[in-house]
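Participant: Handing you a structure now.
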Amino acid sequence: KEWIPKFDCLIVGPGMGRSKAMLATVAKVLPSARQAEIPIVLDADGLFLLTKDLDLIAGYEKAILTPNVVELQRLAHAAGLPHTSPEETACNLSHKLGGVTILSKGPVDFVCCKNSSLSCTEEGSPRRAGGQGDVLA
């Protein structure tokens, strides 16, 4: 706990893995980061952890989730939401989680938080490589 206040931001997921020990450790660290009001960015295996316990970030407006289309579907399912369009799903998930920012990655990227959303239709690479979410985070 003594090192948490030294962070400017906590990035959870890239390279983390899904071992029981790692998931349990991260589940203990997230409340400490919230208490210290550290912004938290979750991607990859961090999002996998959230599908097991959405309360880890629910209501924490300094949390940013960066799911791809499949991760967004898993999170929506965990939250009991129907999967509609990616934009609608991302915005519904943000609302359901109490204002958490959702940056949904796909052919069109969507950012949803509270009652606002933005989309990016700018063309990029015709094929996104794995790990781009790591760089985004």
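The values are calculated or read from the model by the stated rules, or taken from the named source; none is laboratory data. Values in this document were obtained by computation on a predicted structure and should not be read as measured data. Cβ sites come from the backbone with ideal geometry, for glycine too, and all protein chains shown count toward neighbours.
Participant: What's the number of the only condition in (1) assigned to a strand (DSSP E or B); (2) out of contact with any Cys (no Cβ under 9 Å at 6 or more places or on another chain); (3) surrounded by 22 or more Cβ atoms within 10 Å (Cβ to Cβ) that Ile11 fails to meet?
Facilitator: Looking at each condition in turn, Ile11 falls short on (3).
Participant: Among the residues of the stretch 14-32 satisfying the criterion of being of a type in the set (Gly, Ala, Ser) and at pLDDT 95 or above, which is surrounded by the fewest Cβ atoms within 10 Å (Cβ to Cβ)?
Facilitator: So, considering only residues that are of a type in the set (Gly, Ala, Ser) and at pLDDT 95 or above, the one surrounded by the fewest Cβ atoms within 10 Å (Cβ to Cβ) is Ala21.
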